[in-house]
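Have a look at the structure below, then the notes.
The values are calculated or read from the model by the stated rules, or taken from the named source; none is laboratory data. The structure presented is a predicted model; accordingly, all values stated were derived computationally and were not measured. Please note: Cβ atoms are built from the backbone with ideal geometry, for glycine as well, and neighbour counts cover all protein chains shown.
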Amino acid sequence: MTRETFASTPVPPVVIQDIPLVLKEKVIIEIYRGHRGYYLPWPDEVPVVRDLVVNDGRIWLARRINGGDSQSPIAGSAMAYMAVGTVATAPALTNSIVAGEIKRKLLATNTALASSNVYTAIATFGGFAETIQSIAITEAAILNHASSGLGLMFQRVTFAAVTLADSDLVNFRLETNVGSNTI
């Protein structure tokens with residue numbers, strides 16, 4: 001092929017798919033009141049709430065896509081902890097800590113199945129068991145560190161105050177659909 005032929009050969013157009021990557025979050029909070037001496041098979045209360053994937057969480061997700069665990073500020077640091085707190089300020093993209101944190105624990109469920117694009121995080125807190133009874137809980141967040149005040153925040157949610165008695169339980173299930181569909 002001569003230089004002239006090469007220069008006149010049309011270049012095929014580059015096709016870029018314009019498919020937005022959307023993060024859709026669903027938060028399910030179930031409150032089980034133990035005042036009867038037993039728990040009903042269904043929750044006593046199910047508040048409706050919205051959460052937000054904060055800036056640090058979005059950056060963490062992008063870095064994980066790019067290079068796996070080594071790209072996280074703390075290598076191998078999965079978003080494996082949930083914290084609850086007492087600050088009811090609406091979630092903001094710039095949130096980085098749970099300002100009113102009262103308890104943090106390892107998630108009971110922390111999965112992103114190979115056949116699904118949905119990340120699920122579940123944790124249950126008990127009034128007496130977690131020593132958080134008689135405290136108005138108004139926020140929850142997913143983080144990547146076991147210690148209070150440390151790590152990166154992925155998601156944060158606020159809700160109307162939930163105050164637990166000794167025998168009460170509150171179950172948080174956060175589902176994040178990474179994309180605009182379910183695979």
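Just a few scattered comments:
- Some residue of the stretch 6-20 being among the aliphatic types (A, V, I, L, M), farther than 18 Å from F172 by Cβ and either at pLDDT 75 or above or surrounded by 14 or more Cβ atoms within 10 Å (Cβ to Cβ) (or both): no
- Within the stretch 167-183, restricting attention to residues that are modelled with pLDDT of 85 or more and assigned to a loop (DSSP other than H, G, I, E, B), the residue that is nearest to M82 (Cα to Cα) is D168.
- Any hit, the stretch 139-156, residues being assigned to a loop (DSSP other than H, G, I, E, B), out of contact with any helix residue (DSSP H, G or I) (no Cβ under 8 Å at 6 or more places or on another chain) and within 29 Å of G37 (Cβ to Cβ): no
Residues are listed down the side, and each one gets a yes or a no for (1) surrounded by 18 or more Cβ atoms within 10 Å (Cβ to Cβ); (2) closer than 23 Å to D44 by Cβ; (3) in contact (Cβ under 8 Å) with a residue 24 or more places away in the chain:
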{"site": "A88", "(1), (2), (3)": "no, yes, yes"}
{"site": "K105", "(1), (2), (3)": "no, yes, yes"}
{"site": "L113", "(1), (2), (3)": "no, no, no"}
{"site": "G127", "(1), (2), (3)": "yes, yes, yes"}
{"site": "T138", "(1), (2), (3)": "yes, yes, yes"}
{"site": "L143", "(1), (2), (3)": "yes, no, yes"}
{"site": "M153", "(1), (2), (3)": "yes, no, yes"}
{"site": "R156", "(1), (2), (3)": "yes, no, yes"}
{"site": "A160", "(1), (2), (3)": "no, yes, yes"}
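- Positions within the stretch 157-166 being part of a strand (DSSP E or B) and either over 17 Å from T89 (Cα atoms) or of a type in the set (S, T, Y) (or both), in sequence order: T158, T163
- The selection criterion, being without any contact (Cβ under 8 Å) to a residue 40 or more places away in the chain and either crowded, with 16+ Cβ neighbours inside 10 Å or among the acidic types (D, E) (or both), does not hold for I97.
- Hey, T131 out of contact with any Lys or Arg (no Cβ under 9 Å at 6 or more places or on another chain), modelled with pLDDT of 90 or more and either hydroxyl-bearing (S, T, Y) or buried (at least 16 other Cβ atoms within 10 Å of the Cβ) (or both) or not: no
- Matching residues, the stretch 21-51, being within 11 Å of L174 (Cβ to Cβ) and either modelled with pLDDT under 75 or not charged (D, E, K, R) (or both): V27, I28, I29, V49
- Boolean, P73 is surrounded by fewer than 14 Cβ atoms within 10 Å (Cβ to Cβ), assigned to a loop (DSSP other than H, G, I, E, B) and at pLDDT 60 or above: no
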